[in-house]
Amino acid sequence: MNESTDADKVRELKQFAGRIRQETVKEISAFGTGHVGGSLSIADLLAVLYGQEMNIKPEDPQWADRDWFVLSKGHCAPALYATLALRGYFPMDWLNTLNRNGTNLPSHADRLKVPGVDVTAGSLGQGASVAVGVALGLKMDGRDNKVYLVIGDGESQEGQIWEMALFAAQHRLGNLIAFIDYNGLQLDGYCKDICSLGDATAKFEAFGWQVVDVPDGNDVPSILQALETVRSKAQKADDRPSMIVLHTVKGLGWSEIAGTPKSHSTSINEQQRDQALAEIQTMMNAA
């Protein structure tokens with residue numbers, strides 16, 4: 001792509017991220033409460049993955065050659081649901097049924113209910129283990145599919161994450177590209193006050209991964225560049241798994257909660273919904 005086309009694509013992805021944020025706020029507001037903060041912090045990543053990076057067919061969610069996406073921090077499913085609906089995996093009006101009786105969109109993503117969800121979210125850490133299992137299976141079958149995994153920084157306090165990290169490096173799963181949503185917050189407060197993850201980049205490098213640190217993990221061009229760097233490194237390395245550390249802002253787009261402990265899970269009334277939607281629209285207008 002030429003420079004003009006690149007700029008147009010970045011603008012398109014930023015708009016997509018804004019729409020993901022808006023639909024996320026609306027679906028959580030319709031139910032009344034939910035995990036809005038961590039959903040908003042991964043909107044830019046989801047826009048890049050589903051808007052450009054991943055090999056997918058919304059009209060055929062089980063396409064054999066698709067890339068797989070695993071949201072191990074499963075409580076942030078509202079953002080994934082918004083993304084899938086916007087890409088046409090299922091009707092937009094499903095979003096109004098989030099977490100209600102009889103819904104296809106439960107609180108945590110469910111592959112048996114939601115078209116486009118490849119792996120059902122479980123306890124924190126479990127999605128990461130499933131992701132490496134999928135990656136190993138695809139590698140053993142000689143397939144070119146990639147597996148994209150998102151974990152949280154609070155989730156990374158789970159020992160299962162580090163078992164996954166050892167296993168992926170041991171089996172040289174170069175088809176696995178993982179991301180840490182490093183927003184610094186978890187259910188009970190700031191991660192650094194509860195059980196600090198510290199230097200995630202150094203830790204995963206020590207475990208044998210190739211790692212890219214992104215200081216602004218909510219910046220679309222930076223995410224795109226990180227993925228390009230991973231591809232460049234992969235050409236020189238022997239099939240090491242990749243970790244992209246995204247330093248994000250929890251609740252980005254809604255000033256009332258952004259970067260605060262109350263962003264993890266909160267209620268959203270109509271006035272707050274309208275405020276958040278207006279602020280997100282201002283972000284989109286400036287993009």
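Within segment 186-194, can one find any residue that is out of contact with any Gly (no Cβ under 9 Å at 6 or more places or on another chain) and either at pLDDT below 95 or more than 21 Å from Ser232 (Cα to Cα) (or both)? The answer is yes, given that some residue of segment 186-194 is out of contact with any Gly (no Cβ under 9 Å at 6 or more places or on another chain) and either at pLDDT below 95 or more than 21 Å from Ser232 (Cα to Cα) (or both). Please enumerate the residues belonging to segment 159-187 that are surrounded by fewer than 20 Cβ atoms within 10 Å (Cβ to Cβ) and free of Cβ contacts under 8 Å to residues at least 40 places away in the same chain. Selection gives Gly159, Gln160, Glu163, Phe167, Gln170, His171.
Across segment 1-32, the qualifying residues are those that are over 15 Å from Trp254 (Cα atoms) and β-branched (Val, Ile, Thr), and the one among them that is modelled with the lowest pLDDT is Thr5.
Taking the options Trp94, Trp68, name whichever one is more than 15 Å from the chain's Cα centre (by Cα), at pLDDT 95 or above and crowded, with 16+ Cβ neighbours inside 10 Å.
Values: Trp68 fails: more than 15 Å from the chain's Cα centre (by Cα).
Residue meeting the stated conditions: Trp94.
The set of residues from segment 206-232 being surrounded by 15 or more Cβ atoms within 10 Å (Cβ to Cβ), among the charged types (D, E, K, R) and not in a loop (DSSP other than H, G, I, E, B) comprises just one member, Asp213.
Taking the listed residues Leu136, Leu124, the one that is more than 13 Å from the chain's Cα centre (by Cα) and part of a loop (DSSP other than H, G, I, E, B) is Leu124, with no other qualifying. Tell me yes or no: at least one residue of segment 139-158 is open to solvent by less than 10 Å² (accessible area, probe 1.4 Å), free of Cβ contacts under 8 Å to residues at least 60 places away in the same chain and either touching a Leu at 6+ places or on another chain (Cβ under 7 Å) or acidic (Asp, Glu) (or both). For segment 139-158, residues open to solvent by less than 10 Å² (accessible area, probe 1.4 Å), free of Cβ contacts under 8 Å to residues at least 60 places away in the same chain and either touching a Leu at 6+ places or on another chain (Cβ under 7 Å) or acidic (Asp, Glu) (or both): present. Selection of segment 188-203 for residues being among the aliphatic types (A, V, I, L, M), closer than 12 Å to Gln157 by Cβ and either open to solvent by 70 Å² or more (accessible area, probe 1.4 Å) or assigned to a helix (DSSP H, G or I) (or both) yields Ile194, Ala200.
Note on segment 233-282: residues that are crowded, with 16+ Cβ neighbours inside 10 Å and out of contact with any strand residue (DSSP E or B) (no Cβ under 9 Å at 6 or more places or on another chain) amount to 11. Answer yes or no as to whether Lys203 is modelled with pLDDT of 95 or more and not β-branched (Val, Ile, Thr). Yes.
If you go through segment 20-42 and pick out every residue that is over 17 Å from Ser72 (Cβ atoms) and in contact with a helix residue (DSSP H, G or I) (Cβ under 6 Å, 6 or more places away or on another chain), you end up with 13. In summary, Ala131 fulfils each of the numbered conditions (1) outside any helix (DSSP H, G or I); (2) open to solvent by less than 70 Å² (accessible area, probe 1.4 Å); (3) among the small types (Gly, Ala, Ser) with the single exception of condition (1). Residues in segment 22-34 that are open to solvent by 10 Å² or more (accessible area, probe 1.4 Å), of a type outside the set (S, T, N, Q) and either within 24 Å of Asn285 (Cβ to Cβ) or part of a helix (DSSP H, G or I) (or both): Glu23, Lys26, Ala30, Phe31. Pairing residues of segment 35-59 that are in contact (Cβ under 8 Å) with a residue 12 or more places away in the chain and assigned to a helix (DSSP H, G or I) with residues that are open to solvent by less than 20 Å² (accessible area, probe 1.4 Å) and among the acidic types (Asp, Glu), at Cβ distances under 7 Å and at least 6 apart in sequence or on separate chains, gives Gly38/Asp181; Ser41/Asp181.
The values are calculated or read from the model by the stated rules, or taken from the named source; none is laboratory data. Only a predicted model underlies this, so the values are computations on that prediction, with no experimental measurement involved. Neighbour counts are summed over all protein chains in view; Cβ atoms, including those assigned to glycine, are modelled from backbone coordinates with ideal geometry. For the accessible areas, the whole protein counts, side chains as well, though only heavy atoms, and no ligand, DNA or RNA atoms are used. Shrake-Rupley method; radii C 1.70, N 1.55, O 1.52, S 1.80 Å.
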